[in-house]
Amino acid sequence: MVQIKCNDVSLGYDGKNIVEHLDFEIESGDFLCIVGDNGSGKTTLMKALLGLKKVSSGSIDFADRATGRRLGYLPQQSEERSEFPATVEEVVLSGLVGSLGAKCFFSRSGRKTARENLYRLGISDLAKKPFSKLSGGQRQRALLARALCAVEDMILLDEPVSGLDPAATEDMYELICELNKNHGVTVIMITHDIDAAVRYANKVLYIGKEPSFFTSVDEYVASPVFPARKEA
Amino acid sequence: MADMFAKIVDYFSYDFVRYAMIVGILVSVCAALFGVILVLKRFSFIGDGLSHVAFGAMAIAAVAGVSDKMVIIMPVTILTAILLLGAGKNAKVKGESSVAMVSVGAMALGYLVMSAFSSSSNVAGDVCGSLFGSFSILTLTKADMILCISISAIVLVFFVLAYNRMFAVTFDEDFSKATGVRAALNNLVIAVITAVIIVLAQRLVGSLLVSALLIFPALSAMRVARSFRSTVIVSVIISVACSSFGILASILLSTPVGPTVVCADIIAFGICFAAGKILKR
């Protein structure tokens with residue numbers, strides 16, 4: 001089933017497009033990696049998918065009208081929140097706020113969803129810990145649990161492993177992969193890590209100096225923009 | 001000691017002392033609640049700017065001879081809050097500079113208007129009083145108190161109902177927007193309520209010291225609390241304790257109310273800072 005369909009989307013700032021003519025479909029269960037050079041518009045595209053930014057032309061359609069643009073995502077790591085007084089539980093629960101509707105407080109089932117996601121990401125024991133005291137990897141897990149509270153079946157990740165040490169990076173990838181394979185969560189991931197893209201993704205969207213294109217992983221590896229090929 | 005206690009009991013037999021205490025506590029609760037949000041959203045300077053605007057508006061209201069100054073002060077301050085918050089996003093003049101501009105401009109204009117047109121014989125005293133809170137909290141009427149109680153009640157109910165949304169928007173505005181929270185509306189309401197609290201708190205501590213009431217309890221609480229919920233609760237407790245203590249001390253020692261309350265807040269911050277270091281929070 002197609003979850004998101006981008007029709008000839010162009011994006012940019014101040015009337016100047018940085019990405020043009022993007023056409024792609026994301027089906028449920030897909031693992032899409034968005035790759036490309038710095039400043040090529042990967043994060044801009046993600047903002048457009050999240051509804052934080054308007055497209056300059058074209059359209060982004062969501063199959064599930066009920067959820068509409070409500071998406072959960074894992075933002076790029078930032079130090080901004082490192083002083084924020086909040087427990088892991090409070091952070092994870094905040095993922096549910098978008099679905100409160102006219103209500104003001106979380107329902108029992110909402111709290112259960114939050115607990116389940118903490119468990120799924122292996123951080124149940126950290127629930128009462130302050131978010132600011134977590135390691136980089138634990139923080140990413142907490143934010144991932146929050147994203148899953150917002151939307152069960154799709155997550156958007158922006159450079160999920162930047163700043164993590166090799167062991168934490170490996171853990172993070174395993175976790176994302178397991179959510180994708182065993183729980184059927186659609187994954188859209190921006191990454192610089194081409195190896196990871198090839199290893200985990202089934203589809204690749206390349207955005208960069210060459211015309212953007214959307215293909216399967218195999219075709220991407222065979223394409224002229226694949227780094228190993230460029231060097232050769 | 002017993003003597004002091006007797007003195008306090010004696011003072012509480014007067015209406016104006018009781019009113020001052022009730023208003024002081026209510027304003028402190030509201031300021032402490034929204035102070036946490038302002039500090040975490042990094043909006044502290046907006047609170048400072050707004051208090052100066054409230055001073056300017058008060059000066060104009062005084063000169064214009066309006067019987068109820070609130071009629072001018074409240075709308076002007078609320079409007080400025082909305083403009084400043086909107087300006088933070090996409091104006092030519094960057095957010096913090098526009099706050100500084102508006103803030104200092106309002107101060108200058110306020111004093112100019114007061115000294116040029118005021119019919120009062122003691123302009124310097126009037127200005128000093130409105131900046132540092134004079135003793136006007138001890139001249140509150142029953143109507144003032146009822147107004148303050150109703151506004152505080154609204155602020156409190158709003159805070160409880162919007163608690164989860166405010167946490168989400170304060171913690172991560174972009175994420176909450178992406179999940180369907182109306183963050184812009186939330187920010188607007190926070191700005192309006194901040195303006196209302198500032199106008200109320202101005203009576204207690206004066207224009208220059210209002211932001212102390214907003215930020216000190218929140219910053220103190222953040223030293224010792226681990227969760228958002230406990231930060232909010234500790235902030236309220238500290239704020240109420242400092243204001244009650246400050247008001248009582250100012251009556252007993254005949255010191256100006258505003259600065260005494262703020263001094264209590266500074267001491268509380270020092271204690272929390274030390275406690276935070278010792279507890280390694």
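The table for this structure:
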item	result
Summed side-chain charge close to A:A168 - residues other than A:A168 whose Cβ falls under 13 Å, Lys, Arg +1, Asp, Glu -1	-2
Computed label-point distance, nm, for sites A:D153 and A:D8 using a 7 Å Cα→Cβ extension	2.9
Backbone HN-Hα couplings from phi across the stretch B:150-158 [Karplus 6.51/-1.76/1.60, Hz, Gly and Pro as x]	5, 5, 4, 4, 4, 4, 4, 4, 4
Rounded to 5, the percent of DSSP beta bridges in the stretch A:73-217 classed as antiparallel	40
Listed residues B:A108, B:A264, B:A59, most fluctuating in chain B (Gaussian network, C-alpha, under 10 Å)	B:A108
Between helix A:136-150 and chain A: long-axis angle, C-alpha atoms, 0 to 90°, nearest 10	90
Derived scalar couplings ³J(HN,Hα) [the stretch A:6-11; Karplus, 6.51 cos²θ - 1.76 cosθ + 1.60; whole Hz; x for Gly, Pro]	9, 10, 6, 7, 10, 9
Environment charge of A:C6, counting only residues whose C-beta is closer than 11 Å and scoring Lys/Arg +1, Asp/Glu -1	-3
Fully extended contour minus Cα-Cα distance, from B:F117 to B:A153, at 0.36 nm per residue	9.2 nm
Acute angle (nearest 10 degrees) that the helix A:108-120 long axis makes with the longest principal axis of chain A, alpha-carbon atoms	60
Most fluctuating residue given options A:A86, A:A48, A:A114, as computed from a GNM of chain A linking Cα atoms under 10 Å	A:A86
Separation between Cα centres of the stretch B:1-80 and the stretch B:195-224, rounded to whole Å	9
Shape call, the stretch B:13-54: gyration tensor on alpha carbons, a/c limit 1.5	oblate
Anisotropy class of the stretch B:28-130 from Cα gyration tensor, a/c 1.5 cut	prolate
Nonlocal amide H pairs with A:F31, under 5 Å, H built at 1.01 Å	A:V187, A:N202, A:K203
Sequence-distant residues sharing a close amide H with A:K53 (under 5 Å, placed H)	A:A48
Normalised per residue, the volume of the convex hull around the Cα set of the protein assembly as shown (Å³)	174
Shape call, chain B: gyration tensor on alpha carbons, a/c limit 1.5	oblate
Residue order, fewest to most beta carbons within 10 Å, for B:F117, A:F214	B:F117, A:F214
Whole-Å distance, taken between Cα centres, linking the stretch B:118-179 and the stretch A:167-225	51
Estimated FRET transfer efficiency (A:S135, B:A249; beta-carbon r; R0 41 Å; 0.05)	0.35
Sites A:D218 and A:C104, calculated FRET efficiency, Cβ-Cβ separation with R0 41 Å, nearest 0.05	0.25
Too-long pairs where the Cα-Cα distance tops 29 Å, listed order kept, from A:K112/B:K280; A:K209/B:K41; A:K5/B:K177; A:K103/A:K203; B:K41/B:K142	A:K112/B:K280; A:K209/B:K41; A:K103/A:K203; B:K41/B:K142
³J(HN,Hα), Karplus 6.51/-1.76/1.60, whole Hz, each residue of the stretch B:97-107, x for Gly, Pro	5, 5, 5, 4, 4, 4, 5, 6, x, 5, 4
Between 0 and 90°, nearest 10: helix A:166-183 axis offset from chain A longest Cα axis	90
Estimated FRET transfer efficiency (A:K53, B:L279; beta-carbon r; R0 41 Å; 0.05)	0.45
Of all DSSP beta bridges in the protein assembly as shown, antiparallel share, percent nearest 5	55
Inverse of mean 1/r across different Cα pairs in the stretch A:1-123, Kirkwood, Å	17.0
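Values in this text are rule-based calculations from the coordinates and carry no lab data. Owing to the predicted nature of the structure, the values given are computational and were not obtained by experimental measurement. So basically every Cβ, Gly included, is an ideal-geometry build from the backbone, and we count neighbours across all protein chains shown.
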